[in-house]
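Working notes for the structure below.
The values are calculated or read from the model by the stated rules, or taken from the named source; none is laboratory data. Small disclaimer: the values here were computed from a predicted structure and weren't measured. Glycine also receives a Cβ, built like all others from the backbone with ideal geometry; neighbour counts cover every protein chain displayed. Each accessible area value is taken on the protein alone, full model and side chains, heavy atoms only, with ligands, DNA and RNA left out. Shrake-Rupley method; radii C 1.70, N 1.55, O 1.52, S 1.80 Å.
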Amino acid sequence: MSSLDWPVILPLIFAGLMGLSILIYVVLDGFDLGIGILFATADDHEKDTMIAAIGPFWDANETWLVLAVGLLLVAFPMAHGTILTALYIPVFVLLFGLILRGVAFDFRAKVPVHRKGRWNRIFFAGSLIASLAQGYMLGVYVLGLEEGLAAFAFGALVAACLAASYAAMGAAWLIYKTEGELQKRAVRWLRYALLFTALGMAVISAATPLASPRIFAKWFSMPDFLLLAPLPLVTLGLFGALWWLCGHLPDEKDRFSLAPFITLAAVFALGFVGLAYSFYPYVVPDKLTIWQAASATESLAIILAGTLVVLPVIIGYSIFAYRVFGGKASDLTYD
């Protein structure tokens, strides 16, 4: 791998595409999963407005998860087998949660009013289950797919923190999409959830280098330590800015209503960059590199041609949906 030729470049391209898909999924589906979690503290009228705030987007958001898993399967089949074998049960739980919330999303609008509460609870449960499953998988992956009680406990902690992070994303989205009392409540929800979001990022940041001497050396050897120092410092500054914003929102003229969501998305992106730097060049931590896990070069070339057709369609549809349904959420109707 001393020269930049196709056997070297193609796996890197697919690793970048897969990482980008995961990041976009976490940001976009994170807010609609978070709104489902916030159902637990909202009244019936607020729940309808919250559903209206995500209704046009949530199907498109989940497309990024399908793309990421699809790229993992076809571009890195060895890693796909190793990761999904180790995480078989949480993946099953994730799919179960996504199915629950998908069914509840439609049924809550069609059933008689006296049965609506049941589907609201199912929507909350599905959103929470899916979020916890994703967090648990992240925690176990950070530890190199280790097993045992300690790994389970760490995975459970990360699961709770990721669910809180999604709730923060949901609250930030509601600040942008709603007005009045619900917007005020969303500001309070964001402040509470931020504490657990910060805790989760701190725990993962501490555990990742401790789980691997190789990652520890990458972060704490000179001069890399100095070059990487802006990453956690900027993240800390963004958390401070978010906390400050919570004390000044909502604004009477609705200024800066999108700022919390953009800031939180930047925090997620910085965290993702940190993880990507830590694990590079491995796709299965300290076991399989990007090149060891990749499909044959000829296969990757064919897959890349298909990806270059599919990816612009997904991006175009997502931009179109967010542009058409921009602005404040209106009353929920299914007519």
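Tabulated results
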quantity	calculated
J(HN,Hα) series, region 175-192, from Karplus relation 6.51 cos²θ - 1.76 cosθ + 1.60, nearest Hz, glycine and proline x	4, 6, 8, 10, 9, x, 5, 5, 5, 5, 5, 5, 4, 5, 4, 4, 4, 4
Angle between the chain longest axis and helix 58-75 axis [Cα atoms, degrees, rounded to 10]	10
Packing rank of 241-252, 200-211, where each peptide gets the mean count of other beta carbons within 10 Å, highest leading	200-211, 241-252
1.4 Å probe accessible area per residue over the chain, in Å²	49
Cα long-axis angle, helix 88-110 against the chain (0 to 90 degrees, to the nearest 10)	20
Total charge dipole magnitude, region 216-335, about the Cα centre, Cβ charges on Lys, Arg, Asp, Glu only, Debye to nearest 20	180
Helix 116-142 vs. the chain, principal-axis angle (Cα, 0 to 90°, nearest 10)	20
For region 90-232: rounded, prolate or oblate by the Cα gyration tensor [a/c cutoff 1.5]	oblate
Protection-proxy order for peptides 72-79, 228-235, 147-154, each taking the mean of Cβ atoms within 10 Å per residue, highest first	72-79, 228-235, 147-154
Candidate lysines for bridging to Lys116, where Cα separation is under 21 Å - those fewer than 8 sequence places away on the same chain excluded	Lys47
Partners for Lys218 among lysines (Cα-Cα distance below 28 Å; same-chain residues under 8 apart left out)	Lys287
For region 31-94: rounded, prolate or oblate by the Cα gyration tensor [a/c cutoff 1.5]	oblate
Charge dipole of the chain about the Cα centre (unit charges at C-beta), most positive-ward option of Gln292, Ala276, Ala164	Ala164
Rounded if a/c under 1.5, otherwise prolate or oblate - region 176-335, Cα gyration tensor axes	oblate
Carbon/sulfur fraction of accessible area - region 1-160, other protein chains in place, 1.4 Å, %	73
Packing-based ranking, highest mean first, of 317-328, 285-296, 18-29, 168-179 given that Cβ atoms within 10 Å are counted	168-179, 18-29, 285-296, 317-328
